[in-house]
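The values are calculated or read from the model by the stated rules, or taken from the named source; none is laboratory data. Note that the structure is predicted; figures quoted are calculated from it, not measured. A quick note on method: Cβ atoms are made from the backbone with ideal geometry, for glycine too, and the neighbour counts reach across all protein chains shown.
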């Protein structure tokens, strides 16, 4: 497929920044495998025709006339008539009709012996360039020169454009800087602009700037114009090189080149990209003061910048500004705002904006609906997402692969795998072909919900349907196998993807290393680290953190510390997760002092501890009986601006309870509540256990009722703690009440509950009651089994 170029020899350059601003995009034309040759003919004396006058016929009329000439070739009697058709056909990019144009050209030159003129050659060169047949274009150019026609830079415009769009930038540069001047066609600003645009599109910004300064030096007809400046400014802004972009902007004034709306929009876009929103708005006011009225595209850029950086209210204010200044917001404006609202969790406002745009006559498109459907799915409201699907269908908007992929992703993330599969069948039955992203979502969903075999079936399905899996596909499958203990199958998948030519990445190796560590295969994990390095895959901080965590959990603290030094020496900066793994390992193995030294070390390296860091340290101190030092750490974390969480308080309460400081533990409970931290079932269970072990059953039962009144239902652990405590304190009657009245309201007792009850009843001499309970359990189980059989 080759780009169909819209330029004629008499048109000016169309720059990508301007196309982007007007939301114009090139269409694609079919590449014809042409077998025609340029006929040889004797040059006959002829009168040079004047440049063809503008042809006011439509494209369809031109096509009809072309077919008429093909059917009745004798009616075409002059090159002028032929020339009148060419600009219309070229501008309309009617590439499928180009073979017919060559047929007519051959008829004119071979059968009738009519010589082409300069304009014929110009159009034919343009047509050849549009078809990416530069060999033919150069033959026409050669004929033009051979016949003594004076050529200028504009003849080369389509050839330069073709070279630049076909990744032949060096050939375009040779053409512009050497061949054109040698042939007497002095390059002009349009010629230079084509090459600059080509260089920028291939990321060669430095070369484009060198060419720009050459234009400045040459001067005359090559002086940079507003298109030159804006094209370079636009690229610099996209590369976030705002210093150079604004330097060129200032230079425009000294060169008496007036910036236009596209120049300003490019600069505003650059500022928004780096989050300089205030400067972007100031620039908007500057362009207004200079008489440049921003249009809806400029406003859309600003609104997008505000939304991207979380300034939703300011973005909404800009919407009102657009309207108050008489600009009509378009579907892009609303889609940007709806996307911003969805990304910040304001789904209801996004829906309101949808209704608002409809009421104003702005019809949402498939992109708008896709944004809303994705927002609803990510917000967990799958049913409303499905309703939006039905709405868009009823309004005549056809869902696409993105629509269905978002819905399938939503269903998978909420555990609705069967509904996700139904959506896959729906989209295929409606003629929408799932792509690799759709399959990746489904495969990942199946793996995360333990359906490894179905995930593997999907892999085979996508292959059989001609969809090539990628590294993301294999990473999901390898992760699924590792999480389900199938390490060998995960390794087979690694070898399988490599044999199929799919290169694993750092994520692949990190998943496998994590799998090996979690299954105790530390040496194999280390081997994988060496393998990935030898294959040219650089491990990252995640890879190292996984390995350090694995080593620490298996008691290999020294090797973990050695790996930390190794990763630093290789230029990989450890993060808070890395340090937390090491701290956990040190605390778990009783080396509290080294843990504290490591904390000071990480602080000196400007790695700030987080709440997890402090929880690890507090837990370590508590487990080693250092409750006072644990309390000091609580005060330290608060003074450093780290808010303790329910885990922090639960650790401290547990530490106090284990060392018999029940009153201080109760005070800690009241303290956390007063600071706005809601205790959970774990916190309560710890305290109930402490009270029971301390023999304070009455307070324990009060706490049970208190947690219930606060909406925390005791779980199996809480109840087992209570039963154990009551039995040990010979409160058998209370145990009976608990078993018959309270527990059935809370949860289904498990084997531990019943075992605990029976053992404690026997210990307290209640053997008959223990037997009675045992028979009751057995009878209940038999009844349930019989019910199931029926």
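No other residue among 177, 144, 236 is at pLDDT 90 or above, touching a helix residue (DSSP H, G or I) at 6+ places or on another chain (Cβ under 6 Å) and either surrounded by fewer than 17 Cβ atoms within 10 Å (Cβ to Cβ) or in a helix (DSSP H, G or I) (or both) apart from 236.
Residues that are closer than 15 Å to residue 303 by Cα and more than 23 Å from the chain's Cα centre (by Cα) were ranked within the stretch 330-362; the one that is surrounded by the fewest Cβ atoms within 10 Å (Cβ to Cβ) is 330. Scanning the stretch 239-275 for residues that are in contact with a helix residue (DSSP H, G or I) (Cβ under 9 Å, 6 or more places away or on another chain) and on the phi > 0 side of the Ramachandran plot turns up 240, 275. If you go through the stretch 715-746 and keep only what is outside any helix (DSSP H, G or I) and either out of contact with any helix residue (DSSP H, G or I) (no Cβ under 7 Å at 6 or more places or on another chain) or modelled with pLDDT of 80 or more (or both), you end up with just 730.
If you go through the stretch 317-329 one residue at a time, do you hit one that is touching a helix residue (DSSP H, G or I) at 6+ places or on another chain (Cβ under 6 Å), surrounded by 18 or more Cβ atoms within 10 Å (Cβ to Cβ) and farther than 27 Å from residue 268 by Cα? Walk me through it before giving the result.
To start, the set of residues in the stretch 317-329 that are touching a helix residue (DSSP H, G or I) at 6+ places or on another chain (Cβ under 6 Å) comprises 318, 322, 327, 329.
Narrowing the set further to residues that are surrounded by 18 or more Cβ atoms within 10 Å (Cβ to Cβ) leaves 318, 322, 329.
In the following step, the residues that additionally are farther than 27 Å from residue 268 by Cα were identified as none.
The answer is no, given that none of the residues of the stretch 317-329 is touching a helix residue (DSSP H, G or I) at 6+ places or on another chain (Cβ under 6 Å), surrounded by 18 or more Cβ atoms within 10 Å (Cβ to Cβ) and farther than 27 Å from residue 268 by Cα.
Is there a residue in the stretch 191-208 that is without any contact (Cβ under 8 Å) to a residue 12 or more places away in the chain, part of a helix (DSSP H, G or I), surrounded by fewer than 21 Cβ atoms within 10 Å (Cβ to Cβ) and under 42 Å from the mean Cα position of the chain (by Cα)? Can you show your working first?
Let us first name the residues in the stretch 191-208 that are without any contact (Cβ under 8 Å) to a residue 12 or more places away in the chain, namely 203, 206-207.
Those left that are additionally part of a helix (DSSP H, G or I): 206-207.
Restricting the remaining residues to those that are surrounded by fewer than 21 Cβ atoms within 10 Å (Cβ to Cβ) gives 206-207.
If we keep only those that are under 42 Å from the mean Cα position of the chain (by Cα) as well, we get 206-207.
Yes, the conditions are met somewhere in the stretch 191-208.
For the stretch 667-693, the candidate set comprises residues that are free of Cβ contacts under 8 Å to residues at least 24 places away in the same chain and assigned to a helix (DSSP H, G or I); within that set, the residue that is farthest from residue 721 (Cα to Cα) is 674. Of the listed requirements (1) without any contact (Cβ under 8 Å) to a residue 12 or more places away in the chain; (2) within 26 Å of the chain's Cα centre (by Cα), residue 495 misses just one: (2). Of all residues in the stretch 499-532, those satisfying the criterion of being exposed (fewer than 14 other Cβ atoms within 10 Å of the Cβ) and farther than 25 Å from residue 447 by Cα are 523, 527, 530.
Somewhere in the stretch 464-481, is a residue part of a helix (DSSP H, G or I), over 24 Å from residue 415 (Cβ atoms), touching a helix residue (DSSP H, G or I) at 6+ places or on another chain (Cβ under 6 Å) and in contact (Cβ under 8 Å) with a residue 24 or more places away in the chain?
Residues of the stretch 464-481 that are part of a helix (DSSP H, G or I), as a first pass: 464, 471-481.
Now narrow it down to the ones that are over 24 Å from residue 415 (Cβ atoms): 464, 471.
Still in the list and also touching a helix residue (DSSP H, G or I) at 6+ places or on another chain (Cβ under 6 Å): none.
Looking through the stretch 464-481, none of the residues is part of a helix (DSSP H, G or I), over 24 Å from residue 415 (Cβ atoms), touching a helix residue (DSSP H, G or I) at 6+ places or on another chain (Cβ under 6 Å) and in contact (Cβ under 8 Å) with a residue 24 or more places away in the chain.
All of 53, 84, 65, 40 fail the test of being farther than 16 Å from residue 105 by Cβ and either modelled with pLDDT of 85 or more or in a loop (DSSP other than H, G, I, E, B) (or both), apart from 53.
Test of understanding: among 623, 603, which residue is surrounded by fewer than 22 Cβ atoms within 10 Å (Cβ to Cβ) and in contact (Cβ under 8 Å) with a residue 12 or more places away in the chain? It would help to see each step written out before you state the result.
On the way: 603 fails: in contact (Cβ under 8 Å) with a residue 12 or more places away in the chain.
None of the other options fit; the residue is 623.
Checked against (1) under 25 Å from the mean Cα position of the chain (by Cα); (2) over 29 Å from residue 518 (Cα atoms), residue 464 passes all but condition (1).
When each of 380, 396, 361, 345 is tested for being out of contact with any helix residue (DSSP H, G or I) (no Cβ under 6 Å at 6 or more places or on another chain), modelled with pLDDT under 95 and closer than 18 Å to residue 330 by Cα, the lone residue that passes is 361.
Selection of the stretch 501-523 for residues being in contact (Cβ under 8 Å) with a residue 24 or more places away in the chain and either over 29 Å from the mean Cα position of the chain (by Cα) or farther than 11 Å from residue 543 by Cα (or both) yields 502, 503, 504, 505, 515, 516, 517, 518, 519, 520, 521, 522.
The set of residues in the stretch 280-306 that are in contact (Cβ under 8 Å) with a residue 40 or more places away in the chain and buried (at least 21 other Cβ atoms within 10 Å of the Cβ) is empty.
State all residues of the stretch 417-433 that are part of a loop (DSSP other than H, G, I, E, B) and surrounded by 11 or more Cβ atoms within 10 Å (Cβ to Cβ); if no residue qualifies, say none. Let's see the steps before the verdict.
Let us first name the residues in the stretch 417-433 that are part of a loop (DSSP other than H, G, I, E, B), namely 430-433.
Selection gives 430, 432, 433.
Residue 106 meets all of the listed conditions (1) crowded, with 19+ Cβ neighbours inside 10 Å; (2) farther than 27 Å from residue 194 by Cα; (3) out of contact with any helix residue (DSSP H, G or I) (no Cβ under 8 Å at 6 or more places or on another chain) but one, namely (1). Among the residues of the stretch 697-714 satisfying the criterion of being more than 15 Å from residue 653 (Cβ to Cβ) and in a loop (DSSP other than H, G, I, E, B), which is modelled with the highest pLDDT? In this case the residue turns out to be 710.
Condition check: farther than 30 Å from residue 299 by Cα and modelled with pLDDT of 90 or more. Does residue 207 satisfy that? Step through it out loud before you land on a result.
On the way: farther than 30 Å from residue 299 by Cα: yes; modelled with pLDDT of 90 or more: yes.
It is true that residue 207 is farther than 30 Å from residue 299 by Cα and modelled with pLDDT of 90 or more.
Only one entry in 216, 159 is over 25 Å from residue 121 (Cβ atoms), in a helix (DSSP H, G or I), in contact (Cβ under 8 Å) with a residue 12 or more places away in the chain and over 32 Å from the mean Cα position of the chain (by Cα), namely 216.
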